[in-house]
Structure formats: C-alpha cells, structure tokens
Amino acid sequence: MKRVLVALTMAFALCFAMLPTGANAGAYATPFSVAITYQNVGTGPATINFSFFAENSGTPITIPGAALAAGASTSLNVGTAITSGSFKGSAVLSSDQPVIATIVQFNTGIRNRLLSNGFGSADGASSVLIATVLKNQFDNTTVFSVQNTESAAVNVKVEYFATGATTPTHTETANNLPAGAAKYFDSGAIGGLPNGFNGSARVTATLSSDGTTAAKVVATVNELQVSGSAGSSFEGAPQSGNKVFMPSALCNFAGVFNTAYAVQNADASNPVSFQVRYKVTGGSDVVDGPFNVPAGGKQSVQGCAKMPQGSTGSAIIERTSAAGSLVAVGKVFGGNISSAFIGVIEGQGSAKVAVPYVRWSPDSTYNNGSRQRANIAIQNIGGTDATNVKVQYIDRDGVVKGTHTLGTIAAGAKISSSPALGSALDSCGRFGEYGGGANCLGDQFGGGAIITADAGAQLAVVVRISTGNPTLAGEDYTGVNVQ
C-alpha cells in the first residue's frame, strides 16, 4: 500500500490537445499531434502507466505500463497510443519512481514544436495565473486548458483582465469538471472578449460539492499565430514572488534574436511596481523601470529598451513596491524563433534540475529541418556563487554519454551547454537518436540531461529545441527541479 501511495503522489498531470495532422493557413487553425517525453529521475527502474481523459470526461483510457531505467528519457506518441481517431483532453502519468514530462506538440505545417511541462501532483493550486492572453492581437490568439488535479469534481472560474484594467473584462465558468479531466478555453471563440484583446487571466477553482472549498488545478497555455505558421506554449503559474528570474535575455543577438517579458501582478487587491535588471554577459547590469501594474494586470517589457544592441544575458524582475506579487513569461522572437517560457520565482531553484527532451543532430539533418538540436541555458538564481556545476547527458537506457563541466556560475549569471559541448555525441554526431544504419537517419528517439551543482545552489534552466529549415526556428521549455 505504501508503494501505491508513492505512485499516486508522483502522478503527473498533462494538458494538451491532439488531433490528426494537416497543413493549415495559420497555427491557430492547425490541429496538432502530441508526444509525451518523460524521464525517470528516481534511483531505480520505473514502471510508468498512462491514463488519458477526453475533455470534460472522468473516464480514463488506460495505456499499459512501460519500464524505464533510472535517469533515462523516452517518449510516447499519443496518436499511436490512442487509435480511436481524434482526441482532445488530458493525461496522468503514474509511476513507482519520480518522473517528469514535457509535452511536444507538432505538425508538418508548423515551423516549430510547441513545448511545455507536465505537473507534479503537488503543483496544483486554487489560483493559477496566465501571464499573457491575446485574441487576434499581434497575429496571435491564446488557447489554454485547465485540468482538475483533485479526486472529486471542481468548478472553474476564469477572469480575463485587459492590460491596465483593474476589473475583469470578461468571466468564464466551467462547473463539475471531473477528476483528471481538462476544460479548454479558446479566447478566439469567446464572444465576451473583444477582438484585439491583450491582457492576462486568473483561474480559480472550488469543489463542486459545496462551491466554496478551494480546489487545485493546473493550466497549460498555447499562443498561436492566426496567419503565421508558428506558436509557443508555457505553463500557468501556481506561485508568485517578489523576484522572477529569466535565464534568457537578448537584444538583437546575432542580429536577429530578442526577448520580451509579460509580467503579471498576482495580487488580486493591490497594485505593484517592479523593475527589470539585465545581467549582460561581458558587461555591466542595466535596469529598466519602474513599471506600475494594477491588481491582476500585466505589463510588457522589451529587452532592447535598455539592453545594448547585440547583447545576451539573463534578467531579474524585481518588485520595488511594498505590496504586490509577480509572475512572468519570457518570449524570444526574431529569426523565425517563436518561443515562450515561464520565469522562475525566487527560492524555487534547485541544485539538481532535470530536462527530459534533449536532442542533437548533425548539420546535414539539422539544416534541412528533419531533426532538432537542444541548447541549455543555466542561470544561478541564488545570492552566492553556484559551484561545481555540471551537465550529464543521459540516453534512453540510462547511460551517461557525456558530461559538460561548467564549474562556477556567479549569482544572477548564466552559462550555456549542449550535447556537443558535453562530448555526448555518437559516431554519427547525434544525441538522443538511434538507428538509421549508414545514413545515420534514425527512427528511434530518447535522451535527456541532469544539471547538478554543490548543495545549496539555486539553478534555473531553460532548454531551446530548434531546427534549421527553412531558417532557424525553435521553442523553449524549463527544467524541472529534482529533490
């Protein structure tokens, strides 16, 4: 019985949409296929079971368990696992070892893969924040799913706040959402939101049995181009803080790459003021702000407003007022990159961080767009140096294929890594890809990494998965803390 309870506490909630693939004019109108890439971060072999729930349904579709060695990463193609036609819903992974997971959404008509993380069973919250919501604004529309992590039905309320507004523009509800199930909210289909809406959202939940007891949910967000062929994905934020750390900050880096941050005030009652401190690689800190945001509202901040042209680095979003609390989403754009990642709250870093989806392809298959590469940004979000930092690249069988020794990272600074820098490539110049014979074009995949430092370190990690065709395209996801 103890072992079963551990398995249940390690269940992972995943929100996603999965439909048959097909090219469309824009990402917003495109159905996606989904792969769940997952990693065993425990100390022994894991048996992992999958339960899928159609939208608003509490009846699971169960997939038999799969064995996975300690440290290993592999993936499940949902379209192969569920053969009953189109599917839209959520999933739960349960295991006798701790596991983490990243959701990969893809379509041959979309230039990048959309990436976001699953959630541990303890990650749910009664209030979840969506730092940016758009309706046909900047050629993007937002679709997000809310999943019930309780064992009983819940009622969900979503309040949409326009930028600068102190009261909701619109409120949506969904009652009696079954355990494990998800409800999708499509801003493009909500008549109560005006066309061109630019804002944020707050999701709250209560138990359906009484309508008042707080209940826990999680949320996953897709931001999709209406006419363009790109999108991005990130997680709803269950926590907020006085500081938010962003491992990626860019201003026309390599002539094309830039960052912007969507910063939301998590406080439902008080306004907040904040500033953004950029830690410029090889240069001095620069500060933008202060900015003032009403309760529940958001503020967008452009990296090039203060960072030097051609620079790269990291950023710290810092509260400057006495009240208020912050969450933030980072966006990378330019050069066909369309990426989003959630910032890491102060104190939420770790001396051990895992990333389940790492690939490295040689030039021939990377440049023609048939395979991917992963580059890892590691930021020290602690107040002192992080020492003995290293990245172990681990294949689908749990074998360490290479180690990148990074040494010391100063407080607030970042260092980058990749399987190539970690000497983890096979004779074909690949990592995370297997088979293919003489042409080295494999049809089997799986590989991840574990980043460690000396005890007490506070690391935050962002991974970019990119392809090189027709021009560089990519998307980011965040590393997951390992206890």
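The values are calculated or read from the model by the stated rules, or taken from the named source; none is laboratory data. Keep in mind the model is a prediction, meaning the values are calculated, not measured. Reconstructed Cβ throughout: ideal geometry from the backbone, glycine too, with neighbour counts over all protein chains shown. Areas reflect the complete protein model, heavy atoms only, side chains present, ligands, DNA and RNA absent. Shrake-Rupley method; radii C 1.70, N 1.55, O 1.52, S 1.80 Å.
Maximal additional length on extending the ASN56-ASN388 stretch stands at 114.8 nm, based on 0.36 nm per residue less the C-alpha distance. Take ASP288: with every protein chain present and a 1.4 Å probe, its accessible area is about 20 Å². Shape analysis of segment 198-286 yields a ratio of the Cα radius of gyration to the Kirkwood radius, Rg/Rh, of 1.05.
For segment 237-251, the Karplus equation 6.51 cos²θ - 1.76 cosθ + 1.60, evaluated at θ = phi - 60°, returns couplings of 9, x, 10, 9, x, 7, 9, 10, 9, 10, x, 10, 9, 9, 9 Hz by residue, with Gly and Pro reported as x.
Overall, segment 283-398 carries a charge dipole of about 300 debye about its Cα centre when +1 sits on the Cβ of Lys and Arg and -1 on the Cβ of Asp and Glu, all other atoms neutral. For segment 100-209, what class follows from the C-alpha gyration tensor (a ≥ b ≥ c being the square roots of its eigenvalues): rounded when a/c is under 1.5, otherwise prolate if a/b is larger than b/c, else oblate? Oblate, because a/c is 1.5 or more while a/b does not exceed b/c. When THR83, THR478, THR206 are compared by accessible surface with a 1.4 Å probe, the order from highest to lowest is THR83, THR206, THR478. Accessible area per residue for the chain is 36 Å², calculated with a 1.4 Å probe on protein heavy atoms, without ligands, DNA or RNA.
Taking square-rooted eigenvalues a ≥ b ≥ c of the alpha carbon gyration tensor, is segment 33-182 rounded, prolate or oblate, where a/c under 1.5 means rounded and, failing that, a/b exceeding b/c means prolate? Because a/c hits 1.5 or more and a/b exceeds b/c, segment 33-182 counts as prolate.
Protein heavy-atom surface of the chain, 1.4 angstrom probe: 51% of the accessible area is carbon and sulfur, with nucleic acids and ligands not counted. Think of each Lys and Arg Cβ as +1 and each Asp and Glu Cβ as -1; about the Cα centre, that makes the dipole of segment 209-345 roughly 200 debye. In terms of Cα atoms, the Rg and Dmax of segment 221-351 work out to 14.5, 43 Å.
Converting phi to 3J(HN,Hα) with the Karplus coefficients 6.51, -1.76 and 1.60 and the offset θ = phi - 60°, segment 271-276 yields x, 9, 10, 8, 10, 10 Hz in sequence order, with x at every glycine or proline.
The phi-based Karplus calculation (6.51 cos²θ - 1.76 cosθ + 1.60; θ = phi - 60°) puts the 3J(HN,Hα) values of segment 365-382 at 8, 6, 5, 8, x, 7, 9, 10, 10, 10, 10, 10, 9, 10, 10, 8, 9, x Hz, whole numbers, x for Gly and Pro.
Adding -39500 (n - 2.57) for every DSSP H run of four residues or longer, then dividing by how many residues the chain holds, sets the calculated 222 nm ellipticity at -1000 deg cm²/dmol. Each Lys and Arg adds +1 at its Cβ and each Asp and Glu adds -1 at its Cβ; summed about the Cα centre, the chain shows a dipole of about 280 debye. The solvent-accessible area of CYS304, taken with every protein chain present and a 1.4 Å probe, is close to 50 Å². The three principal axes of the C-alpha atoms in segment 83-143 carry coordinate ranges of 44, 35, 21 Å, sorted with the longest axis first.
Name the shape class, rounded, prolate or oblate, that the alpha-carbon gyration tensor gives for segment 314-412, where a ≥ b ≥ c are the square roots of its eigenvalues, rounded holds for a/c under 1.5, and otherwise prolate holds if a/b is larger than b/c and oblate otherwise.
Here segment 314-412 falls in the oblate category.
The tail of the calculated P(r) for the chain beyond 28 Å holds 49 percent of all Cα-Cα pairs. Which chymotrypsin sites (Phe, Trp or Tyr not before Pro) from segment 168-259 combine a DSSP loop assignment with at most 13 other Cβ atoms within 10 Å? Sparse-neighbourhood loop chymotrypsin sites (Phe, Trp or Tyr not before Pro): none present.
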